[in-house]
Amino acid sequence: MPILGVKVLAFDTFGTVTDWFTGISGAVAQTVPGVDAADFAREWRRRYSPILARVESGELPWRRLDDLQTETLHDVATAFGVTVDAEQSRVLVRAWRTIPGWPDAAEGIRRLKRDHIVCALSNGTVALLTDMARHDDFAWDVIGGSDLWKHYKPARETYCGLAELLEVEPDEVMMVATHQTDLDAARSFGLRTAFIERPDEWGGEPKDDSGSPDNDFHATDLLDLARQLGC
């Protein structure tokens, strides 16, 4: 049995295995001239969790992440005093499929795959995550997109839905993420947790990478997690 009885490693994607800031700020710089691309990208990312929460509360109907990202993109453009046309919107929303992986991510996933089932568990769709995996050489065994359960993290249906899909108990799944709120939610539903430090996630803005003593593991990157797990 793998260490701690964990059979499945479930990975957050945006921020944990990919560098969204570099990818999205670069796309903004190329697509929306005249704005501060770094600030624009950060503001767009800040609107991500609130609109997902509105869906989970029932205020908004369930829609795919690309549709929600399109809505928040136009809100951010308005706030920045610019107009984003349909083609610019398409380019920017699809840029989330080609954001670069962190330097350790692809190799780390391959090493962790030796002894575990490795899965993306993300608010992106299966199609989005498949494009991302092909672009960044992520060797997932399973892609857990939000459209499989029509719920967004931190809903129970996402974490426990993956366990049910793979016919394992929740405590045989370990959530791997750089966002402590993601890990806290996963733990509340019985999953194990591993925190990954990503100090540069916000492109130079401070980020709390202290994690929590309640996590089973705390690692500087995925290669460090692989070492700790003996992979």
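What the table shows:
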| read-out | value |
| --- | --- |
| Whole-number D in µm² s⁻¹ for the range 102-162, Kirkwood Cα-pair radius fed into Stokes-Einstein, 20 °C, 1.002 mPa s | 179 µm²/s |
| Solvent-accessible ranking of ASP137, ASP12, largest area first, probe 1.4 Å | ASP137, ASP12 |
| Per residue, in Å², the accessible surface of the chain once ligands and nucleic acids are set aside, probe 1.4 Å | 42 Å² |
| Fluctuation leader among ALA194, ALA27, ALA86 - the chain, Gaussian network, Cα springs under 10 angstrom | ALA86 |
| Equivalent ellipsoid semi-axes - Cα gyration tensor, the range 74-231, angstrom | 27, 19, 17 |
| Calculated P(r) of the range 172-231 - Cα pairs past 18 Å, % | 32 percent |
| Per-residue SASA entry for ARG94, accessible area with 1.4 Å probe, Å² rounded to 10 | 100 Å² |
| Computed [θ] at 222 nm, deg cm²/dmol, the chain (DSSP H ≥ 4; -39,500 (n - 2.57); rounded to nearest 500) | -13000 deg cm²/dmol |
| The range 3-78 and the range 116-161: distance between their alpha carbon centers, rounded to Å | 15 Å |
| Percent accessible area from carbon and sulfur atoms, the chain, protein chains only, probe 1.4 Å | 50 percent |
| Hz values of 3J(HN,Hα) by residue in the range 201-218 - Karplus curve (6.51, -1.76, 1.60), Gly and Pro given as x | 3, 9, x, x, 6, x, 9, 7, 10, 6, x, 8, x, 6, 6, 6, 9, 9 |
| Calculated Rg and Dmax of the range 1-140 using C-alpha coordinates, Å | 16.5, 56 |
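The values are calculated or read from the model by the stated rules, or taken from the named source; none is laboratory data. Since we're looking at a predicted model, the values are computed, not measured. Just the protein is used for accessible areas: all its heavy atoms, side chains included, with ligands, DNA and RNA removed. Shrake-Rupley method; radii C 1.70, N 1.55, O 1.52, S 1.80 Å.
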